[in-house]
1. What residue, of B:Leu527, B:Leu532, is closer than 30 Å to B:Arg696 by Cβ, touching an Asp or Glu at 6+ places or on another chain (Cβ under 8 Å) and open to solvent by less than 30 Å² (accessible area, probe 1.4 Å)?
2. Please go through the range B:1-26 and give me each residue that is at pLDDT 80 or above, at the interface with chain A (Cβ under 9 Å from one of its Cβ atoms) and open to solvent by 50 Å² or more (accessible area, probe 1.4 Å), ordered by number.
3. How about the range B:722-838: which helices (runs of 4 or more DSSP H) wholly inside it have at least 2 residues that are among the aliphatic types (A, V, I, L, M) and under 26 Å from the mean Cα position of the chain (by Cα)?
4. Mind checking whether some residue in the range B:545-552 is surrounded by fewer than 21 Cβ atoms within 10 Å (Cβ to Cβ), touching a residue at least 60 places away in the same chain (Cβ under 8 Å) and over 21 Å from B:Ala741 (Cβ atoms)?
5. May I ask you to list pairs of residues, at least six apart or on different chains, whose Cβ atoms are under 7 Å apart, with the first in the range B:1-17 being aromatic (Phe, Trp, Tyr) and the second being at pLDDT 60 or above?
6. Those residues that are among the aromatic types (Phe, Trp, Tyr), crowded, with 20+ Cβ neighbours inside 10 Å and in a loop (DSSP other than H, G, I, E, B), I need them from the range B:623-650; list them, please.
7. Answer with yes or no whether B:Arg618 is under 27 Å from B:Arg728 (Cβ atoms) and outside any loop (DSSP other than H, G, I, E, B).
Amino acid sequence: MHGYALVEVIKRTSDNLLQVEEGSLYPALQRMLKSGWVAAEWGVSSTNRRVRIYRITPAGRKQLERKVSSFERMLQGIARVMGTSES
Amino acid sequence: MRILRYLLRRRISQQEAAAEIEGHLDERATELMDAGIPELEARAQASREFGNLALLTEESRAVWGWTRLEAMILDFRLALRGLRKNPGFALTAILTLGVGIGASTAVFTVVDSVILKPLAYEQSAKLVAVWEHAAAIGGEAVGPNPRHVDVWSQRANAFSGLTSFSQGVRGVSPGAESPRPVGLVVCQPNLFQVLRTVPRLGRDFRADDGKTGGPAVAILTHAAWQGLFSGDPGVIGRVIRVDDMPREVVGVLPEGFHFPNGNTLRSFRSVEIKKGVPEPWVFVPTVFDYAQMEWNGNYGNWVTLGRLADGFSMSAATAQLKGIQEQLRQQIPGGGNQKPGSLSASLQSLQEAMVGDSGQGIWLLMAAVGGLLLLACLNLANAQLGRAVSSARDAAVRAALGAARWRLLWSVLIENVVLSGMGGALGIVLAYVGLKLFRTHSPIDLPRLAEVELNPGALLFCMAITIAAGIVAGLLPGVRFASAAPHGSLQQASTRTLGSRNSHRVRVWLIGAQVFGCTVLLLITGLFSRSLLHLLQQDKGFETERAAIAEARLLSKHFGDAVARVRLIDGVLAALRSSAEVESAAYFSAMPLEGESWIEFARRPERQGENVPMVNARWVSPGYFEAIRQKLVAGRFFEERDRELSNVIVSEGEARALWGAENPIGGQLNALGKTFTVIGVVGDSRSTSVKRAPARMIYVHYGYRTPSQTFFIARGTHGAETLPALMRQVISAQSPHVFVARTKTLNAQLNDSLARERFQTFVLIAFGASALLLAMLGIYGVLSYSVAARKQEIGLRMALGASRSSVYALTMREAGFPVAGGLAAGLAVSFWIVRLIDKFLYGAKAVDLPVIASVVLLFASAATAAAFFPARHAASANPMDALRPD
């Protein structure tokens, strides 16, 4: 998927609840590219434009798992605190 | 691995990132246009939604770049551009730094090669020079009596080897050609064993080489092998003629071997340094016949080296030696009458013996050069401060835009580092050239001169001071830059006061410091110059104008007999006197102004047991005193009839010492193994050295025991320039077995004997002038900047009625304060410093009013000149221009 499409996906999937500053995606993509978590290659988009298509790599998948599990732990923690304060 | 690849494709990655973002914007805009929004509006909206385009693009690129390094490189190129725009400043700065760094490196190389580097012998720290002290000849350190050395080598276990040698210049030729003067060392066969040097070709001396009647051999140095035999690989076994005596070459020394020349290890430590003594090329062995040597005498003819045995320190060895000397004193004839301790010995590390004298001078030079470099850096810093301030707004804007402090500091520092880097490169070139010139045309005879060459240590030193210079010069302005409060600078118009009062005060103090250093330097220079002048102009007791001297070497095979020598002398004198260019000519037995020699005891026969001072004995021909213009105090000069008579002429000092107020004429004198009658008294002369009090002399006619040392003096009718060549011609014409070792005008000899003092003074004058120039530039710089800064204030004053002269006064007063302060401080410190250098000065006192007055005057006029132009610029400014707002 290329950068523009990614922005669209994020907007749609979160039902416009997550308003990401579009541009901030790109430095993030570059950093992930440098760290080797994604790979990119130039291709053609559906609108016949020359775009860079990103693909997650195995190392990236591992990093994703790590980040997702730590995020979930954080959510659990928050939920517990919120839960106890309510009761 | 992937990272590596990406880092290599860095540039491409950055371009791709930028292209990507563009594509995104394009796509969004298209989408909006499809929804019906006009193109311009669509693009604007897409941009807005994207965020801070510039910042995000930068961030994306930054992921791929080494931003720090790139920033530094950018600043570097910026600095180069800035310098290119200011070629005048850049050129002066590079030149100043280049000269300063080059001089420092050159002097440091000399210091390193001559003083610091250990001698090129194996375990050279164990090598010592051994000196004897005999109360009978004054008690100072002299070369020992070889007979005593023989006793030491038998009784002292503190030394693993002792060896004696003497040096001179002899006529040497590889074949039947005419001889050339070459440095020769006559040594005991164990010399190279003590030095632990093994000849590269052939063999070392054997224990019986040099025995009288045995085979005559010689060992050559590498340079001699190249110079005399053109590096012939079959040189071993070839014949070399020394003093017309054939000797077989049995060995050649390795290339890195250096033996000190006759100047460096002198058998009488106090003797003057001769100029132009060549490095020894030929070594000739001799075996001492101790039975023929006297116990009480033969001092100062040989130099003795020793190698300390393992486990013995210098002090332990000295103590042992002193003990042996005491035993010796009691055993030798007449020694028992002398006091205990009247025969003693001392040791000196060989390195110190070789360089000790020049050590001080060289360190002085190093300090002077260091000071000059510091002055140059301070000047550069000052100039940079001025330039930095004018671009202070630049820095303020950059700081306001978010530049990091290190970035600002770096951008100033890099310019100075670039300047000093180029200055350093120039400096190395200058140092190389300078050292080359110094080696070939050295104004003074430095020990180990041949070992002076640009080595890696010196290059490292050069790099270190280059970087240090850059940092010193850039630090002050850099720190100011980095702490620039953008708010204040941005608020001011450009014509108002630039920079804070603080920076101005710093610059004023810098000026004061420069003036201080300069004053001290100039004062010392003045004193040295006066000292030199005094030496040259004082009454020497003889005249050097229009005279020339020549030294002739008589080959001993043909002139071993005194009669032959006398015949030669007579022949030369007759030929010289018949020339129209020569007013008077004479023979004498020792080179003038090369210290005391032929030191003898001279006593009145009726006062046998008296303790008398030593005298210098000289053999002269009639006409000598007239030729050299010494005064006749009493009696008469030598005449032709004195040839057969036993007459002596004494110097004033000797007459006073022995006869007091009585008339010495007609009195008797025991000297040189004979009783003489005094027929004349001549005035004291400083013919041995102009730096000391006149020595006591006795003169005898050359007919008595004519020595082999042969010198001629000729006084010209018109001038002395043609005399040396004439004398050479006449002397060589007398006999093919005579060669002229050297010939020069007497004035040249006087100058050569003062070579060290002249060199010191020359160096000091050069430094003083450079320092003064730098100080002037500094004053000029500070004042012009200050005038520019105060343009509005001055304009206001003039509009309100101030006269031009008062504006002059206003400007120059600014310079006056630091200059006056620096001068006063400099003078105060000088009084103290002069006490330290007292022993280098002759006849000049510490508080020398004319010198002080001239230094103050010089500085005052220099400062005025430097301040004049900015002042004039200020006074001639149009008040309206100054008052007009930015």
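1. B:Leu532
2. Answer for the range B:1-26, where residues must be at pLDDT 80 or above, at the interface with chain A (Cβ under 9 Å from one of its Cβ atoms) and open to solvent by 50 Å² or more (accessible area, probe 1.4 Å): B:Ala19, B:Asp26.
3. Numbers: elements: B:723-734, B:746-753, B:755-789, B:791-799, B:804-836.
Of the helices (runs of 4 or more DSSP H) lying wholly inside the range B:722-838, those with at least 2 residues that are among the aliphatic types (A, V, I, L, M) and under 26 Å from the mean Cα position of the chain (by Cα) span B:746-753, B:755-789, B:804-836.
4. Taking the range B:545-552 as the starting set, the residues that turn out to be surrounded by fewer than 21 Cβ atoms within 10 Å (Cβ to Cβ) are B:545-546, B:551.
Going one step further and asking which of them are touching a residue at least 60 places away in the same chain (Cβ under 8 Å), we end up with B:545-546, B:551.
Next, only the ones that are over 21 Å from B:Ala741 (Cβ atoms) stay: B:545-546.
Scanning the range B:545-552 turns up at least one residue that is surrounded by fewer than 21 Cβ atoms within 10 Å (Cβ to Cβ), touching a residue at least 60 places away in the same chain (Cβ under 8 Å) and over 21 Å from B:Ala741 (Cβ atoms).
5. The qualifying pairs are B:Tyr6/A:Lys34; B:Tyr6/B:Ser13.
6. Restricting attention to the range B:623-650, the residues satisfying the condition of being among the aromatic types (Phe, Trp, Tyr) are B:624-625, B:637-638.
With the extra rule that they be crowded, with 20+ Cβ neighbours inside 10 Å, the set shrinks to B:624-625, B:638.
Passing the criteria: only B:Phe638.
7. Values: under 27 Å from B:Arg728 (Cβ atoms): yes; outside any loop (DSSP other than H, G, I, E, B): yes.
Yes.
Conditions (1) part of a strand (DSSP E or B); (2) free of Cβ contacts under 8 Å to residues at least 60 places away in the same chain, marked per residue:
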site	(1), (2)
B:Ser160	yes, no
B:Phe165	yes, no
B:Gly168	yes, no
B:Val186	yes, no
B:Val198	no, yes
B:Phe205	no, no
B:Asp208	no, no
B:Pro215	no, yes
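The values are calculated or read from the model by the stated rules, or taken from the named source; none is laboratory data. Small disclaimer: the values here were computed from a predicted structure and weren't measured. Virtual Cβ from ideal backbone geometry, glycine too; neighbours counted across all protein chains shown. The protein model used for the area step is the full one, side chains on, heavy atoms only, and it has no ligands, DNA or RNA in it. Shrake-Rupley method; radii C 1.70, N 1.55, O 1.52, S 1.80 Å.
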